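Okay, structure first, notes after.
Read-outs: derived from the displayed coordinates by stated rules, not from any lab. These numbers come from a predicted model, not from an experiment. Heads up, the Cβs are rebuilt from the backbone with ideal geometry, glycines too, and the neighbour counts pull from every protein chain shown.
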Amino acid sequence: METSTQTLNIQGALNISSCKEIGDAFNKLIIQKGRVCINLAGVEKSDAAGIQFLCLARQSANANSFDLEIVNPSSPVIEMAKCLGVSEDEFLK
């Protein structure tokens, strides 16, 4: 039996202004039981809150044993993570 994948495509901002809405959407996906994919290809700007959301999503997945894949980090996500001293591995894997 194949597990379905629910995808959260983030477009525009991944920042303090958008994190509540994105977090709510993420929470709706994880309660559906299945694999969750967060696609970051459309992120045009990010801040510390956005990177914190990604790290917390990864920690939640690890702690609660659900399958989470975070893919296609855009340049703004990678650059903000670097500025904060956060390794991509902390949220991608």
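Observations, loosely collected:
- When you filter the GluC sites (Glu not before Pro) in the chain for DSSP loop state and at most 10 other Cβ atoms inside 10 Å of their Cβ, you are left with 2.
- Subtracting the Cα-Cα distance of residue 16 and residue 59 from their residue separation scaled by 0.36 nm leaves 13.6 nm.
- Note on the chain: with charges restricted to the Cβ of Lys and Arg (+1) and Asp and Glu (-1), its dipole about the Cα centre is near 180 debye.
- Projecting the Cα atoms of 5, 85, 42 onto the charge dipole of the chain, computed from C-beta unit charges around the Cα centre, puts 5 farthest toward the positive end.
- A full extension of the chain between residue 75 and residue 45 corresponds to an added length of 9.9 nm, given 0.36 nm per residue minus the alpha carbon distance.
- Working from the Cα coordinates of the chain, the gyration tensor eigenvalues give, after taking √(5λ), semi-axes of 21, 14, 12 Å in decreasing order.
- Surface/4 estimate of mean projected area, convex hull on alpha-carbon atoms of the stretch 1-55, nm²: 3.8 nm²
- Lysine pairs in the chain with Cα atoms under 19 Å, if 8 or more residues apart or on separate chains: 4
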